[in-house]
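Okay, so here's the structure we're looking at.
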Amino acid sequence: MALAALAMLLAGTAQVQAQSLRDRGGAYIGKIESDGTVRDRGGAYMGKIDSDGSIRDRGGAYRGKVDSDGSIRDRGGAYMGKIDSDGTVRDRGGAYLGKIDSDGSIRDRGGAYRGKAENVKRRHAAVFFFFDFF
C-alpha cells in the first residue's frame, strides 16, 4: 500500500483511544481492537488480523499473513516485505518503505510524519503498508 493511502487510512469514545489510528493532523480515523478487529472511524467492520497473523477482509476472505518474524505474505504465500524489530518496513526487494517508531508514529521513506498507531502492535500496524482495509 502506498504511504499516501496509508496517510488517508490513519485519520468514539475513551475506550477507542487506546488502540486508535490517527492521521498526520491527529484526527481519529479507525482502530485495531484487542482481538485484531479493524474498524473505520464510524465503527464499521473492515477486516481482522487473527492471532496467528492471518489478515482477513470485511467479507472474511484471507488476504495474507504477518509471520512471527515480521515477514508479510500475500494470499498465495508470496513474500511482500517485512517489518524489522526496530519498526523499519521494507518491501520484497529490501527497499525502505518507512518506519513505525516505538511510540506508534508512522514515517514515510523520507522521514515525514504520516500518522500514528496508538498502542497498536507494530506488526499489526505494518499491514497498512501492504493491505488496503479502507
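Rule-based calculations on the coordinates, nothing more; no lab input. On a predicted model such as this, the values are computed, not experimentally measured, just so you know. A quick note on method: Cβ atoms are made from the backbone with ideal geometry, for glycine too, and the neighbour counts reach across all protein chains shown.
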Any chance you could run the full-extension gain for D84 through S51? It's 0.36 nm times the residue separation minus the Cα-Cα distance, nm to one decimal. 10.0 nm
With θ set to phi - 60° and the Karplus curve 6.51 cos²θ - 1.76 cosθ + 1.60, what are the ³J(HN,Hα) couplings of the stretch 40-50 in order, to the nearest whole Hz, using x for Gly and Pro? 7, 4, x, x, 5, 5, 10, x, 8, 10, 5
Taking the Cα centre of the stretch 3-129 as origin and charging only Cβ (+1 Lys, Arg; -1 Asp, Glu), how large is the dipole, in debye to the nearest 20? 280
